[in-house]
Amino acid sequence: MTSRVHEPPSLPLWLRLCLLSLAFGLRMGSWLLRLAWAATRTSLAGWLQISYMLRDAIAPLRRKLPGALRQASCALFQAGTSVLMGILRLMRGLLWPTTVLGATAGLALVLSQVDAPASPAQSHHKRGAQGANLTLDNPFEQERPTLTDSQLRRTRAALANADKNGHKKALREILAAQPADLPLLHRALLRRTKVSAANFKRVLRRIGAAVPDRHGRFSSPVKGKDAKKETDWLEALSVLDPASLPEKLVLARQEALYSVVLTRALVATGRSEAGSTILLFAYRHGEAFRDQCGRALRAMGSAAVPSLARAPLLKHPLTYRIARYASYQLDRLNRSRPELALANADPSLQVEMLHAYGEARTLAAVAAVVAHMDDSNGEVRRAARWAALRYVSGRPPRAAKRQLKLAGGKKTERARSLYLTYRQLARHELAARLATLEIKAGRAKGQVDAVAETLRREHDGIALAEKLSVATDERRAQAQRQRYEVALKLARTGRRKTAVAQLDRLLALQPEGSERGEIARIYLREGEAQLGLCAEGDRACHARAALALGKALALLAPNAASFRRAEAMRLIAEAGRDEGSGRRWRLERALMLDPGSELAQKRIDDLRHQHRSSMKVAMSAAGGTSLAALLLLVFWRRRRTP
């Protein structure tokens, strides 16, 4: 039994227009009254000025009466003209705002009466997006910062106190940082302080932290069994009582605790850019926080690899030491080999790593970069090709040369290179990979080393990179075409499910292929066949049909002949998949897109029949209930009659 939702009664359109006209008239009347009052005040001021002028002109009336009258008349005319022009300017200034306001109000009232059915998907998204920071209607909206300068100041003030509850609340706020908060955290961590490096080290030694000396060597003050146990700097600084410290170290304790919290907030963002900030902070304040920064970098895991790879590019007086420290942290992370680092990263992080290797032109990453030029992921493939071009373009690097010692204590006459530069190594790798592809394709014969040597003599590094990209694309296109032919054969033989599964894999590997139109037609036939087999109420079958038709719509061009029919069938499938009031809207929209759709018309007729049947059942139930109540009342009254 269905129940109607009783909505509050609404006023008719003509009555709303009358009320709006009345309100607009009252508003205009108030404006006219204000205008009249302004004109009256202006007129009074003008006549007062005229009276002053007449009083000044009375004295010479005895001698020069005609001249005085002429002067008074001119003054009167000028004053009246100025008053009239002021009134006209005021009316002209108020005319357009009142007209625009009235037209806007009338248009808004007319548009509010248009009761167009809203999309159920849009209404669902709007309900789900209430109270959220990001709207679901726009998936491309950028993330918004969650931290502000005032919040950081409050956190800093809360950490300065000894209240543990205040510490926990401040930590919850700042450790919930998002990637959009990175610039603010960067500025806060690399701030200038009044605390000296010596005072920082004294405070950290009091909590048992490992602090380097002036030579950069660590000497932990903890002795005995707990020497290998790492100290939690955040907890130790939080429980450290400021009252037990000298006056000079109280501020040092506050600044150290705030810096440790900011370091952990940077790690919580999960972005690779945070690693560069932590690296720079490790060599501030006399390297007092270097141990904590190393822990933070290792806590980031693979996300710290791009920043560590870019360490030689940092603009810092101690860049050489920072680069050596970054190499040490890569070794601690077991990511010093680029092949291993790329193998343990997702595609988005692989893109960042390849860009970092290309920017720094890392010598150890040449083989890994060239190997990823034929990656299955398009973004990774493009990043690897860009990095390979970085290796073979630009100013040629200088190779370290020395005279080699020979037997008998002699040396070579000319200095020779001790090792290959990154450009020479990149040319060797590109030529070897291209020679392998040429031999497999049958375009070259012989050993790989001989063909690679020929390619190195004939082409420079940029040409080798371009030819390798073209060769890999041709090989991938040929393999794609073979898989596509197999899928077409399966679709022709009636094995559509297997064909659709293979086409899904093909699109995942190469979404911008030239066979998108034919693949869309296969998806369309599969969705149409699924929809024809679906019975009323079979939501799983309708879901499969909607999925296949959605894939077809994603591949079809909006101006294609079958686009409207595919959209109509998808709406019919979604109407069978979902329940609720959106079914009627989808079916009517499908019938509008494809007026000749018998299935959509049949489903709409079924819904109308169900509605009439439910109304009949409801009315019958209501009538039966009323009759039973009436009989019960009559029987009860007869029982009470003596």
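General observations
- Of the solvent-accessible surface of region 386-474, computed with a 1.4 Å probe and all protein chains present, 49% belongs to carbon and sulfur.
- Rolling a 1.4 Å probe over the protein heavy atoms gives region 243-348 an accessible area of 40 Å² per residue.
- Förster radius 35 Å - calculated FRET efficiency between ASP473 and ASN559, Cβ distance, rounded to 0.05: 0.75
- Less than 5 angstrom separates the built amide H of SER272 from none of the residues sequence-distant by 5 or more or on a different chain.
- Each other residue within a Cβ distance under 12 Å of VAL366 adds +1 if Lys or Arg and -1 if Asp or Glu, for a net charge of +3.
- LEU632/ARG608 FRET efficiency (R0 22 Å; Cβ-Cβ; nearest 0.05): 0.05
- Sequentially through region 197-207, phi angles give Karplus couplings (6.51, -1.76, 1.60; θ = phi - 60°) of 5, 5, 5, 4, 5, 5, 5, 5, 5, 5, 9 Hz, Gly and Pro residues having no value and appearing as x.
- Highest mean packing first, where packing is the average number of other Cβ atoms within 10 Å per residue, the peptides 203-211, 404-412 line up as 203-211, 404-412.
- Amide H contacts under 5 Å for ARG337, placed H, 5+ residues apart: none
- Computed label-point distance, nm, for sites ARG298 and GLN482 using a 7 Å Cα→Cβ extension: 4.7
- With each label modelled as a point 7 angstrom along the Cα→C-beta vector, the LYS169-SER393 pair spans 5.5 nm.
- Probe 1.4 Å, protein heavy atoms only - accessible area per residue of region 430-559 in square angstrom: 56
- Computed from backbone phi with θ = phi - 60° and the Karplus coefficients 6.51, -1.76 and 1.60, the 3J(HN,Hα) list for region 168-182 is 5, 5, 5, 5, 4, 5, 7, 7, 8, 5, 10, x, 5, 8, 4 Hz; x is used for glycine and proline.
- Using θ = phi - 60° and Karplus 6.51 cos²θ - 1.76 cosθ + 1.60, couplings along region 285-301 (whole Hz; Gly, Pro as x): 6, x, 6, 5, 9, 5, 5, 5, 5, x, 4, 5, 5, 5, 5, 5, x
- Region 448-486: trypsin sites (Lys or Arg not before Pro) in DSSP coil with no more than 11 other Cβ atoms inside 10 Å: none
- Stretching the chain fully between GLU458 and SER196 yields a gain of 88.2 nm (0.36 nm per residue, less the alpha carbon separation).
- Converting the Cα gyration tensor eigenvalues of region 352-451 into ellipsoid dimensions via √(5λ) gives semi-axes, longest first, of 31, 21, 9 Å.
- Nonlocal amide H pairs with THR146, under 5 Å, H built at 1.01 Å: GLN178, ASP181
- Modelled spin labels at ALA535 and LYS401, positioned 7 Å past Cα toward Cβ, are 8.6 nm from each other.
- The loop-placed trypsin sites (Lys or Arg not before Pro) in region 268-357, going by DSSP, that have at most 14 neighbouring Cβ atoms within 10 Å of their Cβ come out as LYS315.
- Förster radius 30 Å - calculated FRET efficiency between ARG153 and ASP213 (Cβ-Cβ, nearest 0.05): 0.30
The values are calculated or read from the model by the stated rules, or taken from the named source; none is laboratory data. Since the structure is predicted, the reported quantities are computational estimates derived from the model, not experimental observations. So basically every Cβ, Gly included, is an ideal-geometry build from the backbone, and we count neighbours across all protein chains shown. Note: accessible area is taken over every heavy atom of the protein model, side chains too, but ligands, DNA and RNA are not part of it. Shrake-Rupley method; radii C 1.70, N 1.55, O 1.52, S 1.80 Å.
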